[in-house]
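The values are calculated or read from the model by the stated rules, or taken from the named source; none is laboratory data. This structure is a prediction, so every number in the text was calculated from the model and none was measured. Cβ coordinates were reconstructed from backbone atoms using ideal geometry, including for glycine residues, and neighbour counts include every protein chain displayed. Calculation scope for accessible area: heavy atoms of the full protein, side chains included, ligands and nucleic acids excluded. Shrake-Rupley method; radii C 1.70, N 1.55, O 1.52, S 1.80 Å.
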Amino acid sequence: MPPAHTGAPVIPGASTPSFPTPEPHEPRSPGYRRMSLALFAAGLATFALLYSTQALLPAISTGFGVTAGQASWTVSAATGALALFVLPLSALSERFGRTRMMTWSMVTAVAVGLLVPFAPNLQWLVALRAVQGAAIAGIPASAMAYLAEEVRPKALVGAIGLFVAGNSIGGMSGRIVTGWAAQAWGWRGGLLAVGLMSLVCAVAFLVLLPPARFFRPASLNPRAVGRTVAGHLRDPLLLRLYGIGALFMTVFGAVYTVIGYRLAEEFSLGQGVIGSVFLVYLVGTASSAAAGQLVARTGRRGALYLAVTTTAAGLLLSLSDTLGAILAGLVLITAGFFAGHAVASSSVSRTAKTGRAQASALYQSAYYLGSSAGGTLGALAYHAAGWGATVALALLAVLGVVTITLYGSHAARAERRGTHLAAVAR
């Protein structure tokens, strides 16, 4: 391709100026540090917003005079909308660019977050939260692809790890900030506090994020995307992984949507203390980081069995009437959930041979649909029959994970026998 005309005279025989080809970002480079900090801020802001009402559900129930099941829609609407929009937004990012998609998603989510505290009734609050969840979907839909394009392959795991850490810390800090702010200024003050915190993170994201240098726009081809998605949905192993992710998140969504009600009603804990319970998330950060070593020692299915056993033990322990045992149960539930989620989500990219972005988007859709279902059903169960009913629902989901994993083990053995018989026949 000839060089672009700059207006300067071309001198025959003179060498054409060459411009250095950009190199992917690598650790310790200024661009890598800026990008990592920008995406950490994005993960922190968006996931603080996504779960901002979860620690406040008892206060929202009291404020609007509604049941736990009705208030839980302020969480389920956001996670459900994220689940529905993550796949189409991932396709749009292929056409319009990762940075543009992330920027518009961030700006929209934060703007709605500053409106949420002023919702006049529950219906408006749920509607605004649904819009917020749809906007947030553009961040995970684009961030992983942006990192894969802009970072040197050997540094990719570290860059993604920092983004995921932002997600985890954002989800935790959003609940803590809203809890303590609500104790001082009411639940609307709690939501406003997390909105302002996310605004600061959004400004940092916009200032720090380096421009994309390797993105190449692709034409939108709905038929091609549809064929890719249909292929993934026909893959038995991917379907099992989607089911495992959804069921694990059903457990997590049910437990953490309802636990605030139990702590407030049975132990008379304030909003700040209830919000601080989400520090347990740090256990999950550690267990997800250790999942790789666990898989290396026990295999993927062995790691899943250990994760569900840990989760089930935590659920049973949480049935105790003592606060210490309940908190210990939450530790086990959180450790088991994050380990299982890490194993299932990492297996998706390894299993999908083509269309990995769509395969990951489908996993995220299943994951957040599980969160939405778990939050709503868990709250309804608690309202109908107390914490024991919520635990029963969660244990049913755990049993589903065990069933899927056992079926996968059986299918793998049958496939190995078939391969062996075919080799013998030849």
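See the values below:
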{"quantity": "Which numbered condition residue 246 misses (of (1) hydrophobic (A, V, I, L, M, F, W, C); (2) surrounded by 22 or more Cβ atoms within 10 Å (Cβ to Cβ); (3) at pLDDT below 85)", "calculated": "(3)"}
{"quantity": "Qualifying residue in region 387-409 (condition: over 13 Å from residue 255 (Cα atoms) and modelled with pLDDT under 80)", "calculated": "yes"}
{"quantity": "Selection from region 102-127 of residues that are within 21 Å of the chain's Cα centre (by Cα) and open to solvent by 30 Å² or more (accessible area, probe 1.4 Å)", "calculated": "103, 104, 107, 108, 111, 126, 127"}
{"quantity": "Complete set of residues in region 387-417 that are open to solvent by less than 20 Å² (accessible area, probe 1.4 Å) and farther than 23 Å from residue 236 by Cβ", "calculated": "387, 390, 391, 394"}
{"quantity": "Hey, residue 372 closer than 24 Å to residue 171 by Cα, out of contact with any His (no Cβ under 6 Å at 6 or more places or on another chain) and at pLDDT below 80 or not", "calculated": "no"}
{"quantity": "Every pair of residues 6+ apart whose Cβ atoms lie under 6 Å, when the first sits in region 393-409 and is closer than 21 Å to residue 258 by Cα while the second is of a type in the set (Ser, Thr, Tyr) and crowded, with 23+ Cβ neighbours inside 10 Å", "calculated": "397/250; 398/311"}
{"quantity": "Residues that are of a type in the set (Gly, Ala, Ser) and outside any helix (DSSP H, G or I), drawn from region 73-123", "calculated": "97, 119"}
{"quantity": "Leading residue by the ranking (modelled with the highest pLDDT) among those in region 270-293 that are open to solvent by 40 Å² or more (accessible area, probe 1.4 Å) and in contact with a Gly (Cβ under 9 Å, 6 or more places away or on another chain)", "calculated": "273"}
{"quantity": "Every residue from region 45-72 that is closer than 17 Å to residue 373 by Cα and in a helix (DSSP H, G or I)", "calculated": "50, 54, 57, 68, 69, 70, 71"}
